[in-house]
Amino acid sequence: MALRHLTPLSPFTTLTPRPPSFSVLSSTTSRRYNRFSFSVMASASRKVLVPIANGTEPMEAVITIDVLRRAGADVTVASVEKQLRVDACHGVKIVADALISDCVDTVYDLVSLPGGMPGATNLRDNNTLQNIVKKQASEGRLYAAVCASPAVALGSWGLLKGLKATCYPAFMEQLSSSATTVESRVQLDGQAITSRGPGTTMEYSVALVEQLFGKEKADEVSGPLLMRSKHDDQFIATELNKVQWTCSSQPKILVPVADGSEEMEAVMIIDVLRRAKAEVVVASVGDKLEILASRKVKLVADMLLDEAAKLSYDLIVLPGGLGGAQAFANSETIVNLLKKQIESDRYYGAICASPALVLEPHGLLKGKKATAFPAMCDKLSDQSEAENRVVVDGKLITSRGSGTSLEFSLAIVEKILGHEKALEIAKALLVV
């Protein structure tokens with residue numbers, strides 16, 4: 001068995017169900033902030049606004065929405081565009097729950113801005129959103145932003161004055177004119193919470209849960225996410241029966257989605273692979289392009305599966321989510337595509353519930369080592385490598401869940417496009 005490192009540093013192998021610590025405040029600020037947190041926790045419900053725009057970074061939006069909804073927050077996804085559908089970065093299409101104009105009269109416990117460019121600029125330039133967030137701050141309620149948005153939006157609105165804040169590295173100089181800059185992965189000061197980018201968004205989201213609901217709820221939510229317990233330059237994929245993956249210069253990859261698919265996993269896979277310049281086809285298994293994912297995020301596929309099935313692919317990758325995996329398992333088209341993929345000596349992969357609920361029962365793991373979501377691993381006929389976060393066995397790649405999705409996606413990039421490309425993307429995402 002060989003171990004492949006995404007970075008040249010020592011391996012990271014420990015899985016820990018507890019979340020990272022977010023103790024980044026001074027004691028004075030912490031006391032002030034904790035008094036505010038108690039008043040929020042005492043409220044009857046936790047209402048959260050997540051605005052999105054054309055050019056929003058989809059990972060940052062979807063991870064935040066997903067994690068907060070797991071905690072029980074009432075999250076409204078609001079478009080600042082003239083229509084509900086927004087065209088996020090990397091060709092990801094998201095349908096909002098409401099227009100921002102519909103949200104003016106609602107009191108929110110938290111407003112959280114995703115980043116991405118030009119998404120952050122589009123958020124900044126929306127006067128309705130600006131007024132909502134300024135009111136949020138003036139009335140002592142939580143407001144937050146990640147990636148470019150702390151500098152581009154919150155800083156421009158004067159809402160970080162005198163506060164410590166962080167953002168995507170390329171915007172730190174801009175942020176320095178409106179806040180005291182720090183390089184924390186997640187920074188809390190007063191009512192403001194800021195973070196750095198896609199690779200820090202899950203930690204950021206858990207920090208938001210902790211401020212809204214308390215540490216016990218944050219721990220409860222973070223466990224099943226399978227988050228990395230360290231945030232350094234180390235992680236590893238376990239590889240057996242190593243073979244060279246060869247594809248065209250622009251690999252063609254199919255990512256099926258269905259009602260009940262895990263939106264974080266789907267979006268992270270699509271986003272990372274498109275950053276690598278792969279031609280990614282997102283295909284809906286249902287009878288319409290729009291799917292309702294497991295945490296009620298509405299995503300729009302590129303085409304229906306019947307149309308996508310007419311094409312050939314270097315790689316087919318199945319996201320997880322219980323409902324989505326069951327839909328895949330019940331789709332004769334998906335199963336036949338996977339069988340054809342194997343017969344043609346091409347590559348395939350799955351994450352979370354899909355290795356156990358799709359690949360295993362259809363005989364697509366025969367003679368293979370694989371992993372899956374921990375609660376599903378007992379369905380694998382061979383569980384000998386199931387504790388690993390990412391397992392590559394010949395032309396098959398599997399992984400565990402939402403918190404391993406970036407590692408899974410980067411391992412795919414490394415296999416099809418090489419170590420340097422994977423490392424370049426990992427650095428841009430702030431994974432390493």
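The values are calculated or read from the model by the stated rules, or taken from the named source; none is laboratory data. Source: prediction; values computed, not measured. Neighbour counts run over all protein chains shown; Cβ positions are idealised from the backbone, glycine included. Keep in mind that these areas ignore ligands, DNA and RNA; they rest on the heavy atoms of the full protein, side chains included. Shrake-Rupley method; radii C 1.70, N 1.55, O 1.52, S 1.80 Å.
Would you mind calculating the relative contact order of segment 268-354 from Cα pairs under 8 angstrom and at least 6 residues apart, reporting the percent as a whole number? Walk me through the numbers before you get to the answer.
On the way: 104 pairs, mean separation 22.0, N = 87.
About 25 percent, as a whole number.
State in Å² the accessible area per residue of the chain; use a 1.4 Å probe, count heavy atoms of protein chains only, and round to the nearest integer.
On the way: 16190 Å² over 432 residues.
The answer is 37 Å² per residue.
For the chain, calculate the relative contact order in percent as a whole number, restricting contacts to Cα pairs under 8 Å that are 6 or more residues apart.
Details: 1019 pairs, mean separation 72.0, N = 432.
Normalised by residue count, the contact order of the chain is 17 percent.
Here is the link list: K47/K93; K242/K369; K369/K427; K135/K215. Which ones come out longer than 18 Å on Cα distance?
Working: K47/K93 24 Å; K242/K369 12 Å; K369/K427 29 Å; K135/K215 27 Å.
Over 18 Å apart, Cα to Cα: K47/K93; K369/K427; K135/K215.
Given a Förster distance of 25 angstrom, what is the FRET efficiency for R346 paired with D306, based on the Cβ-Cβ distance and rounded to 0.05? Numbers along the way, then the final one.
On the way: r = 20 Å, r/R0 = 0.81.
Efficiency computed from Cβ-Cβ geometry: 0.80.
Could you name the aspartates and glutamates in cross-link range of K288, using Cα to Cα under 16 Å and dropping any fewer than eight places away on the same chain?
Of all the aspartates and glutamates, those that pass the test against K288 - Cα under 16 Å, at least 8 places apart if same chain - are D259, D302, D306, E307.
Quantify, in whole percent, the carbon and sulfur part of the accessible surface of the chain (1.4 Å probe; protein heavy atoms only).
Working: 7850 of 16190 Å².
Here it works out to 48 percent.
Amide H to amide H, which residues 5 or more places from L113 or on other chains are under 5 Å from it, using H placed in the peptide plane?
Here the answer is A144, A145, V146, since their amide H atoms fall under 5 Å of that of L113.
Rounded to the nearest 500, what is the 222 nm mean residue ellipticity of the chain from helices alone, with -39500 (n - 2.57) per DSSP H run of 4+ residues and division by all residues? Can you show the working numbers first?
Values: 13 runs with 135 residues, N = 432.
Taking each H run of at least 4 residues, the total per residue is -9500 deg cm²/dmol.
What is segment 174-278's relative contact order, in percent, from Cα pairs under 8 angstrom and six or more apart in sequence? Walk me through the intermediate numbers first.
On the way: 43 pairs, mean separation 13.1, N = 105.
RCO, segment 174-278: 12 percent.
Roughly how big is segment 249-402's charge dipole about its Cα centre, with Cβ charges of +1 (Lys, Arg) and -1 (Asp, Glu), in debye to the nearest 20? Could the numbers behind the result be given before it?
On the way: 19 positive and 21 negative charges, 54 e Å.
So the magnitude is around 260 debye.
Residue by residue through segment 100-116, which ³J(HN,Hα) values in whole Hz follow from phi under the Karplus form 6.51 cos²θ - 1.76 cosθ + 1.60 (θ = phi - 60°), with glycine and proline marked x?
4, 5, 7, 9, 4, 8, 8, 8, 10, 6, 8, 10, 10, 9, x, x, x
Please get the size of the charge dipole for the chain, origin at its Cα centre, with Cβ charges of +1 on Lys and Arg and -1 on Asp and Glu, quoted in debye to the nearest 20.
Values: 47 positive and 48 negative charges, 138 e Å.
Here the chain has a charge dipole of around 660 debye.
Can you tell me what share of the DSSP beta bridges in the chain is antiparallel? A percent to the nearest 5 is fine. Please report the intermediate quantities before stating the final value.
Numbers: 22 of 63 bridges.
The antiparallel fraction comes to roughly 35 percent.
Let me spell out the model: positive unit charges on the Cβ of Lys and Arg, negative unit charges on the Cβ of Asp and Glu, origin at the Cα centre of segment 146-210. What dipole size does that give, in debye rounded to 20? Show your work: numbers first, answer last.
Working: 4 positive and 5 negative charges, 19 e Å.
Rounded to the nearest 20 debye, it is 80 debye.
Out of residues 5 or more away from L292 or on other chains, whose amide H comes under 5 Å of its own, with H placed 1.01 Å from N in the peptide plane?
The list, which skips near neighbours in sequence, is D259, G260.
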